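The values are calculated or read from the model by the stated rules, or taken from the named source; none is laboratory data. Note that this is a predicted model, so its numbers are computed, not measured. Positions of Cβ are backbone-derived with ideal geometry, glycine not excepted, and every protein chain shown enters the neighbour counts. In case anyone asks, the SASA skips ligands and DNA or RNA and just uses the protein heavy atoms, side chains included. Shrake-Rupley method; radii C 1.70, N 1.55, O 1.52, S 1.80 Å.
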Amino acid sequence: MAAAGEPHSSLYDTIVVGAGIQGSFTAYHLAKRGRETLLLEQFPLPHSRGSSHGQSRIIRRAYPQEHYAQMMAESYRLWEQLGAEAGAPLYRQTGLLVLGADTNPEFQRCCQTLVQHRVPGELFTAESLPGRFPGIRPHDGEAAVSDRTAGVLYADRALRTVQDEFRRCGGALHDGQKVTDIKPGVVVTVTTTAGVYRAKSLVITAGPWANKLLAPLRLQLPLQTLRINVCYWKEKVPGAYGVSAHFPCFMAICAPHHIYGLPSNEYPGLMKICYHSGSPADPEEHDRPPEASALPDIERLRDFVSKYLPGVVPEPAVVEHCMYTNTPDEDFVLDRHPEFSNIIIGAGFSASCQGAGP
């Protein structure tokens with residue numbers, strides 16, 4: 001659907017392909033800077049086939065990687081600025097607990113980055129944590145550190161707000177248009193199922209579909225698409241793990257992948273608790289039910305809930321799905337095409353499912 005009042009230009013400054021949070025935020029800032037920008041999305045909006053749908057994500061400064069911890073100050077500022085411009089809150093501060101063995105190097109790095117960046121927080125032992133958060137039952141030898149600035153991003157609302165602000169800045173958003181061809185050059189030509197568009201530069205933020213777009217451009221990235229089970233678990237006492245009870249988000253540093261959770265809020269009486277990995281998937285088969293063998297993560301979650309969250313029923317009440325786009329080192333790809341410098345690619349590990357900033 002084209003926005004009313006969109007630029008009627010035969011040549012855009014930039015075309016952005018993929019209207020998830022990364023593409024939408026990129027297009028918004030381009031339009032805000034006065035660039036004539038077209039944002040293309042292959043599915044009718046809103047949709048649930050990528051990585052940016054759903055009501056909530058975690059936002060935090062507690063990262064073991066120094067470069068992400070450093071970036072988050074700017075991320076918080078951008079979210080706050082967008083919310084102020086739109087007149088709608090996009091974030092709720094709940095705090096975050098990082099759980100892990102106090103000898104675990106990744107847990108230690110989280111503690112170090114919080115101290116280094118002077119993030120308000122507190123260190124808990126296995127003995128002291130239940131006194132503050134009685135709904136959590138840590139094991140011997142485990143500790144927790146809090147990031148008091150962390151909280152919940154309202155994901156659907158944030159995505160819709162970014163797209164609305166993009167339009168208000170004069171940007172054009174065309175959904176339901178799948179890209180069928182890209183011809184590189186000083187002027188890039190993008191053909192979709194509904195039209196042909198030209199621009200001085202192209203940004204590809206297509207998540208699981210990135211390599212399909214890049215193949216004709218003689219480039220393939222080491223990306224793997226994973227299907228994630230997004231699970232919601234029932235509280236035994238409604239509200240005990242809710243935002244009104246000041247229960248925080250949490251991230252448990254486990255092997256081989258983390259487990260993260262958000263307080264009950266999206267669905268009444270249900271906590272969102274997920275395993276930070278999944279099974280290989282074809283994004284074109286999003287709606288195909290997973291094989292039983294592809295659900296070991298749910299068994300790991302049952303075990304975790306049973307051991308650590310005594311007030312939660314250890315059986316998922318609701319299971320939804322999301323797509324991750326992983327790189328081998330689990331870092332983002334943000335670079336120019338090696339042959340065509342006016343084609344920029346943003347892809348890789350999709351923290352949008354867990355909750356990085358824009």
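Some values worked out for this structure:
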{"read-out": "Residue list for region 127-144, filter: surrounded by fewer than 18 Cβ atoms within 10 Å (Cβ to Cβ), of a type in the set (G, A, S) and in contact with a strand residue (DSSP E or B) (Cβ under 8 Å, 6 or more places away or on another chain)", "value": "G141"}
{"read-out": "Filter pass, Q220 being on the phi < 0 side of the Ramachandran plot, polar (S, T, N, Q) and out of contact with any strand residue (DSSP E or B) (no Cβ under 7 Å at 6 or more places or on another chain)", "value": "yes"}
{"read-out": "Residue count for region 147-193, restricted to those that are among the aliphatic types (A, V, I, L, M) and under 25 Å from L219 (Cα atoms)", "value": "6"}
{"read-out": "Set E36, E41: member being open to solvent by 50 Å² or more (accessible area, probe 1.4 Å), in contact (Cβ under 8 Å) with a residue 40 or more places away in the chain and closer than 29 Å to H174 by Cβ", "value": "E36"}
{"read-out": "Extreme residue, farthest from H276 (Cα to Cα), among residues of region 294-332 that are crowded, with 18+ Cβ neighbours inside 10 Å and touching a helix residue (DSSP H, G or I) at 6+ places or on another chain (Cβ under 7 Å)", "value": "V312"}
{"read-out": "Residue under evaluation G34, criteria (1) touching a helix residue (DSSP H, G or I) at 6+ places or on another chain (Cβ under 9 Å); (2) within 28 Å of R198 (Cα to Cα), criterion not met", "value": "(1)"}
{"read-out": "Matching residues in region 75-126 - criterion: being in contact with a strand residue (DSSP E or B) (Cβ under 8 Å, 6 or more places away or on another chain), in contact (Cβ under 8 Å) with a residue 12 or more places away in the chain and more than 20 Å from S146 (Cβ to Cβ)", "value": "W79, G83, P89, L90"}
{"read-out": "Candidates S75, S48 - the one that is over 18 Å from H276 (Cβ atoms) and either at pLDDT below 90 or open to solvent by 20 Å² or more (accessible area, probe 1.4 Å) (or both)", "value": "S48"}
{"read-out": "So A172, is it open to solvent by less than 60 Å² (accessible area, probe 1.4 Å), closer than 24 Å to R33 by Cβ and modelled with pLDDT under 95", "value": "no"}
{"read-out": "Restricting region 232-247 to residues that are in contact with a Phe, Trp or Tyr (Cβ under 8 Å, 6 or more places away or on another chain) and under 24 Å from S277 (Cβ atoms), the residue that is surrounded by the fewest Cβ atoms within 10 Å (Cβ to Cβ)", "value": "Y232"}
{"read-out": "Filtered residue count, region 248-287, keeping only those that are of a type in the set (A, V, I, L, M), modelled with pLDDT under 90 and open to solvent by less than 60 Å² (accessible area, probe 1.4 Å)", "value": "1"}
{"read-out": "Cβ-Cβ under 7 Å pairs, at least 6 apart or on other chains, region 183-206 side closer than 21 Å to G346 by Cβ, far side among the aromatic types (F, W, Y) and surrounded by fewer than 20 Cβ atoms within 10 Å (Cβ to Cβ)", "value": "P184/F340"}
{"read-out": "Residue count for region 76-116, restricted to those that are touching a helix residue (DSSP H, G or I) at 6+ places or on another chain (Cβ under 9 Å) and among the small types (G, A, S)", "value": "5"}
